[in-house]
Number of protein chains: 2
Amino acid sequence: MSQGSDIEIARRAKLKPITDIAAKIGIPADALVPYGWTKAKVSFDYLDNIQSFSDGNLILVTAISPTPAGEGKTTTTVGLGDGLNRIGKKAIMALREPSLGPCFGMKGGAAGGGYAQVVPMEDINLHFTGDFHAITAANNLLAAMIDNHIYWGNALGIDQRRVAWKRVLDVNDRALRQIVNSLGGVANGYPRESGFDITVASEVMAVFCLAKNLKDLEERLGNIIVAYTRDKKPIRARDLKADGAMTVLLKDALQPNLVQTLENNPVFIHGGPFANIAHGCNSVLATTTALKLADYVVTEAGFGADLGAEKFFDIKCRKAGIAPSVVVIVATVRALKMHGGVAKDNLKAENVEAVIKGCENLKRHIENVNKFGVPAVVAVNKFIADTDAEIAEVQKAAESMGTRAFSCTHWSDGGKGTEALAHHVVKVIDEGKASFKPLYPVEMKLRDKVKTIAQEIYRAADIACDASVETQFKDFEAGGFGHFPVCMAKTQYSFSTDPGKRGAPTGHVVPIRELRLSAGAEFIVVVTGEIMTMPGLPKAPSAEQIRLDAEGKIEGLF
Amino acid sequence: MSQGSDIEIARRAKLKPITDIAAKIGIPADALVPYGWTKAKVSFDYLDNIQSFSDGNLILVTAISPTPAGEGKTTTTVGLGDGLNRIGKKAIMALREPSLGPCFGMKGGAAGGGYAQVVPMEDINLHFTGDFHAITAANNLLAAMIDNHIYWGNALGIDQRRVAWKRVLDVNDRALRQIVNSLGGVANGYPRESGFDITVASEVMAVFCLAKNLKDLEERLGNIIVAYTRDKKPIRARDLKADGAMTVLLKDALQPNLVQTLENNPVFIHGGPFANIAHGCNSVLATTTALKLADYVVTEAGFGADLGAEKFFDIKCRKAGIAPSVVVIVATVRALKMHGGVAKDNLKAENVEAVIKGCENLKRHIENVNKFGVPAVVAVNKFIADTDAEIAEVQKAAESMGTRAFSCTHWSDGGKGTEALAHHVVKVIDEGKASFKPLYPVEMKLRDKVKTIAQEIYRAADIACDASVETQFKDFEAGGFGHFPVCMAKTQYSFSTDPGKRGAPTGHVVPIRELRLSAGAEFIVVVTGEIMTMPGLPKAPSAEQIRLDAEGKIEGLF
């Protein structure tokens, strides 16, 4: 790339003091808790003060079903936010924090790309303001208190075989997936099988992202079920008296983080739950704060719209009492071609037919978003090799669904590259067509919730449950958790549970493997395939290339 | 206490902006990296700029052999620093960062006490500026890269039975002391025994505290020996290409942290190696920075002078090329009585005889300090029950050793309570009597180094080594590590290896259990007893009491 890598572009950026960025959206300097000169948290005191402000408009950025060709959802979120500011609108972006683990595994940061980036990107991709470290600490304090309770006599009668709580680390370390702990004799406790997840997969992370305030955080942490007794009575974090200390460990972290784009527009980056075991959106607190401070808030949800947007609507929006005004679905011509059957190596050649075929995936997502009562707009994240004829087909596909697609060049042009999209998004919002409603009511039976999503969104013929899963459905309802929404864990690569089925498959059956209760986050995770909650490192991890150069700058991170 | 608890006193404090504190010692605002408004790191750029400044005088605060009665070394360090400022001297304190783990175990913070405290004490005792989290991350990335290397084919030929590197967490969790990892089949690697230490016990922490700059840090990290091959060839972090990424994870953390005392005097708090597996002093970078910026720098070393001061002299001062001008030995009448044979429950009653007897311990430490060519002064950290007759005996004991003892009331009076001590310390420094030299030359054989410390400092008759230890001495010398200093791991409660032997025992034998090589920190740990590198939680951990009160303030932490 003649313009340089993401990190080179980011380093050329002229960052403004974070106090200036805050001032743009009316936050006074004394409401900030600075972390360096270009990152800050916004204090709880200030958050209390702005509760009476009216809310701006919420824009969700989601995507077609992902392919190895890449879509650029975060990049488009940043590009659109810059574009809105560029056309004179007061807009804030609300994104997820990247996880440290993958940074040292596969190459690639998570703060946008090209000229649509959030800075300081090295800090954001490394320790940032320490939120994930705080979550790790809170999670592992709870774990230590469980084994400590058993060690000192087990007054609560925890069944060691039924400890559900795992430890976490923000590192890709397959060696920790399954361990036996407490070996070495009497002084070290009672040996049992356990394991580690990556920090972002922790229920503490999900709770953190759904908590409305510190009180709500403590309540939810207390509700977490960490183990069961021999007669299957749940033991909660509250029973171990761990909720208070966990809240103390998280109290600073829960304040939203403010940073800026390369074009000096405000961005909240806060929370980052794993999209395949949790709901995959940034924190409720960051989103609701942004809504108080801007006319337009651009946020994103993990994976494709069938997973990310559905969970954003049915979990986050429902719980937080917020409603999107419009959804932007990101597509690339390359990815559509893959959905149309083209192999990754052949993406450069023009192939209008493949685009037409691949647009079935896009159209399905548009239709799905509309089912939630929200209008959808398409952003084509443009690559140099895309031809006019190909883009025209995407536009036709969008028009066939009653909407429009815009070719966006934010990667190379920044906010200038999304101006047309930004104008249209504002127009759609002004038309006031959105009338958001979740897909299912909370009163619906758990099994029916899953079936509704499978049929309405995944277009499956049915779901298939083993006897054990049917029992879990009944047990959770009997246990008082029937009113929870379901949090689907499914491959992001297909509407079906077969990652190889691109495009817009129908008539498949969704096998339900197991259910997992997140009593603190208040949802039931529905597992439809392998869920990896602790990644491993590749043969040559990017950590091997990451170092400081002679000038003390980081090389190899991106 | 009528004046309130430590946390109540700390909360009443009027903190100044950290930019004001920095300005007092000539650090401009743009040389700071703020963490909130009352904590900051000092940037590397600025550290480069001040290298030409001349050094101030270094004052080490150490203590008699600790007893359950407590001595108050950190409190006295803070009190003396405030006292020096109060009498018009430019003084900075340099302390260790507290570990998060113990905060949630046994009650008690680690930022001084009473009116001799460092603030913001809640932040300092919790995540502070994230240094320990960065150390945890760097340590565990290296661990993941070891198992990942084995997983992908083990090109370096690591013997899985000889992996020396452990993972760490900053939590008291006995269940992690001994584990078997990589269970669960092919995808998770090769099962092997391993375990976790607490973060402060990591060699990364020791390296962090001894590194002179980022380059030195990377070099030392690369030197760490993580495993051996089947034919016992060492494998270093550098062989795994982990040193660069570890340095990147630590680059922000390595900048010293600036905070303030209750009297608004500057304090560096940076690094906190476990005193029983490492050298137990704050970072070289913080100490050398403080020396450039003040006329007097007050620092402390872990445990009693036989352990902490010896390691401070023979490891830290030697490696950093710094030399103390005077040593302050902290004693309490209560602790001296315990050394004189009084039980903990009887400490309130006057017992002049016991004080006289207990002063043998104090006198031994004075004599030992003088062996390093440095004058010693005694600070009596005064408790209300101490009688004039008792304190007079301590003063007599000090005078019998050619020095003086000062009764100090900094706990209740702040810097005013150490004025006399401060004046005397300045006088001793002005007399210029210090002529620091380490106890042994680096060229001395490893075994002789240990014997020299045992005989000169512990007053042992000899050391006793098993054949296996004798072999280790030879192997380490053959391996090229003979020039390393030794880092003694011994009970802090006695000059001997029997914690029950208070006072000033002589003629004992010091059994050497094993040696451990810290090739990155550049010392050989000499183990003379049980070393606990991962604490456990007590039956009722203080975590159970820690929570936010109705106003959002932390209760139960101290």
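The values are calculated or read from the model by the stated rules, or taken from the named source; none is laboratory data. In this text the structure is predicted, and so the values were computed from the model without any measurement. No Cβ is skipped: glycine too gets one built from the backbone with ideal geometry, and neighbour counts run over all protein chains shown. SASA here: full protein model, heavy atoms, side chains in, ligands and nucleic acids out. Shrake-Rupley method; radii C 1.70, N 1.55, O 1.52, S 1.80 Å.
Numbers for the structure displayed
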item	result
Hits in the range B:545-558 (condition: surrounded by 17 or more Cβ atoms within 10 Å (Cβ to Cβ) and not aliphatic (A, V, I, L, M))	B:Arg547, B:Gly556, B:Phe558
Tally of residues being facing chain B (nearest Cβ under 8 Å) and in a loop (DSSP other than H, G, I, E, B) across the range A:165-194	10
Candidates A:Asp82, A:Asp30, A:Asp55, filtered to the one that is more than 20 Å from A:Arg334 (Cβ to Cβ), acidic (Asp, Glu), buried (at least 21 other Cβ atoms within 10 Å of the Cβ) and touching a helix residue (DSSP H, G or I) at 6+ places or on another chain (Cβ under 9 Å)	A:Asp82
Those residues of the range A:471-497 which are open to solvent by 50 Å² or more (accessible area, probe 1.4 Å) and without any contact (Cβ under 8 Å) to a residue 40 or more places away in the chain, in sequence order	A:Thr471, A:Lys474, A:Asp475, A:Glu477, A:Ala478
Matching residues, the range B:399-453, being in contact (Cβ under 8 Å) with a residue 60 or more places away in the chain, under 26 Å from B:Ile9 (Cβ atoms) and of a type outside the set (Gly, Ala, Ser)	B:Cys408, B:His410, B:Trp411, B:Asp413, B:Lys416, B:Thr418, B:Glu419, B:Leu421, B:His423, B:Val425
Filtered residues of the range A:208-223 (kept if open to solvent by less than 10 Å² (accessible area, probe 1.4 Å) and either in contact with a strand residue (DSSP E or B) (Cβ under 8 Å, 6 or more places away or on another chain) or assigned to a strand (DSSP E or B) (or both))	A:Cys209, A:Gly222
Given (1) at pLDDT 95 or above; (2) in a helix (DSSP H, G or I); (3) under 25 Å from the mean Cα position of the chain (by Cα), number of the condition B:Ala10 does not satisfy	(1)
Residue list for the range B:124-137, restricted to those being part of a helix (DSSP H, G or I), among the hydrophobic types (A, V, I, L, M, F, W, C) and either touching a Gly at 6+ places or on another chain (Cβ under 6 Å) or facing another protein chain (nearest Cβ under 10 Å) (or both)	B:Phe132, B:Ala134, B:Ala137
Unmet criterion (only one of (1) aliphatic (A, V, I, L, M); (2) under 14 Å from the mean Cα position of the chain (by Cα); (3) assigned to a loop (DSSP other than H, G, I, E, B)) for B:Val298	(3)
Members of the range B:244-291 found to be within 14 Å of chain A (Cβ to nearest Cβ) and open to solvent by 10 Å² or more (accessible area, probe 1.4 Å), listed by number	B:Lys251, B:Asp252, B:Gln255
Hey, A:Ala237 within 12 Å of another protein chain (Cβ to nearest Cβ) and surrounded by 17 or more Cβ atoms within 10 Å (Cβ to Cβ) or not	yes
For B:Ala461: the one exception among (1) open to solvent by less than 10 Å² (accessible area, probe 1.4 Å); (2) closer than 25 Å to B:Asp498 by Cβ	(1)
The range A:317-344, residues that are charged (D, E, K, R), over 22 Å from A:Ile384 (Cα atoms) and either buried (at least 24 other Cβ atoms within 10 Å of the Cβ) or not assigned by the TED database to the domain that holds A:Val78 (or both)	none
Residue in the range B:430-445 that is polar (S, T, N, Q) and in contact with a strand residue (DSSP E or B) (Cβ under 8 Å, 6 or more places away or on another chain) present	no
Options A:Lys232, A:Lys212; residue that is at positive phi and away from every other protein chain (no Cβ under 14 Å)	A:Lys232
Residue, farthest from the other protein chains (Cβ to nearest Cβ), within the range B:147-164, restricted to residues that are open to solvent by 20 Å² or more (accessible area, probe 1.4 Å) and touching a helix residue (DSSP H, G or I) at 6+ places or on another chain (Cβ under 9 Å)	B:Leu156
Unique match (being open to solvent by 10 Å² or more (accessible area, probe 1.4 Å), part of a helix (DSSP H, G or I) and in contact (Cβ under 8 Å) with a residue 40 or more places away in the chain) among A:Thr75, A:Thr38	A:Thr75
Selection within the range A:86-103 - buried (at least 24 other Cβ atoms within 10 Å of the Cβ), modelled with pLDDT of 95 or more and more than 15 Å from the chain's Cα centre (by Cα)	A:Ala91, A:Ile92
